[in-house]
Amino acid sequence: MSAPTLETERAPRPVDPGAALPARARSRAPWGRLGLRAVALLYLGVMVALPLAAVVAKGFGGGAASLREAFSELGARQALVLTIEMAAVVAVINAVFGTITAYVLTRYRFAGRRALATVVDIPFAIPTLVTGVMLVALYGPHSPIGGFLARHGVHVIFARLGILVALLFVTLPLVVRTVQPVMQELDLGEEEAAHVLGAGRWTTFRRVMLPHLRSGIVAGSLLAFARALGEFGAVVIVSGNILNKTLTAPVLIAQLITGFKPEAAAAIGTILFGLAFVLVLVVERLVGHREPAVPAS
């Protein structure tokens, strides 16, 4: 006859996280989650959805005629084209140099690395109007560097090159800080194995690292593109706002508002928003979007 099993020898029972809660608290948990959802949806609706709906209704209240009227404004078409071109060039350039900067910060150890990481974040802290003043002081026609460039036929301030430089400055951190965390999570063993097999640094980056970094680079470039589409402060100072030459869409929108043409301003603003939104959809389609796991209600 077998000996009786002691209570202390039995396997521990799984603990129900909700068992420690009072019955009244457990019964109220679904209502608490529902309340938080309602608060989040209400906040997003008031802060994001409602303003977007208002600007779309204002800009396209008259249908396609509103769009035609907006493009009939002097310099509107050229300003929109210039804005998109500059944003695309900025996204490509910063995708390259932002990735290089992130690579240096994560794969090299050198004196001043922390200082370099701090410098990357400076454009986040500086008001964009101050950025424009800085660029004028550096590249203006009366400054040493700007005067030297002007004597050799290179004009930065009140030219498209000035717009490009300003946009590159304000959007660089977006690419670096998007790519850097992804690069830090990569397995160094794969890179070391590639080096052992004789692969050079460029081959290792292209074949081992780049497939993992592609989504981060695309996401950072998207953020830079969207940020460049709406940049106003730095551009309004360095561009000179010359009609059909350096006038960008955000500056044109401000001029239309001050000129008591809110419908045309809203229409052009809606176009910029639509471009950014479509780009987000395209990038999510290419990269693939995985939603985090949500516990059952």
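The values are calculated or read from the model by the stated rules, or taken from the named source; none is laboratory data. Computed from a predicted structure; not experimentally measured. Note: ideal-geometry Cβ built from the backbone for every residue, glycine included; neighbour counts use all protein chains shown. The protein model used for the area step is the full one, side chains on, heavy atoms only, and it has no ligands, DNA or RNA in it. Shrake-Rupley method; radii C 1.70, N 1.55, O 1.52, S 1.80 Å.
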(Q) Can you compute the charge dipole magnitude of region 166-297 about its Cα centre, using +1 on each Lys and Arg Cβ and -1 on each Asp and Glu Cβ, nothing else charged? Give it in debye, rounded to the nearest 20. (A) 400
Q: Between PHE124 and ARG33, take the C-beta separation as r, use R0 = 45 Å, and let me know the FRET efficiency to the nearest 0.05.
A: 0.85
Q. Put a dot 7 Å past each Cα toward the Cβ at PHE260 and VAL92; how far apart are the dots in nm?
A. 4.4
Q) Where only protein heavy atoms count, and the probe is 1.4 Å, what is the accessible area per residue for region 137-201 in Å²? A) 57
Q. With no solvent and one point per C-alpha, what does the Debye sum give as log10 I(q)/I(0) for region 20-172 at q = 0.13, 0.14, 0.20 Å⁻¹?
A. -0.95, -1.00, -1.25
Q.
Taking amide H atoms as placed 1.01 Å from N in the peptide plane, list the residues 5 or more away in sequence, or in a different chain, whose amide H sits under 5 Å from that of GLY240.
A. PHE158
Q | Pairwise label distance in nanometres, THR203 with VAL154, each label 7 Å out on the Cα-Cβ vector | A | 3.6
Q | Counted charge near MET86, where neighbours are those whose Cβ lies closer than 11 Å (Asp, Glu -1; Lys, Arg +1) | A | -1
Q) In region 45-150, which trypsin sites (Lys or Arg not before Pro) are in a loop and have at most 11 other Cβ atoms within 10 Å, using DSSP for the loop call? A) ARG109
**Q.** region 186-293, Cα convex hull volume normalised per residue, Å³
**A.** 172
Q: Using a Förster distance of 35 angstrom, determine the FRET efficiency expected from the C-beta separation of ALA64 and LEU41, and round it to 0.05.
A: 0.60
Q: Evaluate E = 1/(1 + (r/R0)^6) for ALA57 and LEU243, where r is the Cβ-Cβ distance and R0 equals 30 Å; express this FRET efficiency to the nearest 0.05.
A: 0.55
Q: With the full set of protein chains in place, find how many percent of the accessible area of region 48-207 is carbon and sulfur; take the probe as 1.4 Å.
A: 68
Q | region 161-259: trypsin sites (Lys or Arg not before Pro) falling in loop per DSSP and having at most 16 other Cβ within 10 Å | A | LYS245
**Q.** Sum of side-chain charges, LEU256 neighbourhood, beta-carbon under 13 Å (Lys, Arg +1; Asp, Glu -1)
**A.** -1
Q.
Please list, by residue number, everything in region 99-117 whose backbone N is under 16 Å from a paramagnetic label point 7 Å out along Cα→Cβ of LEU210.
A. 99-101, 103
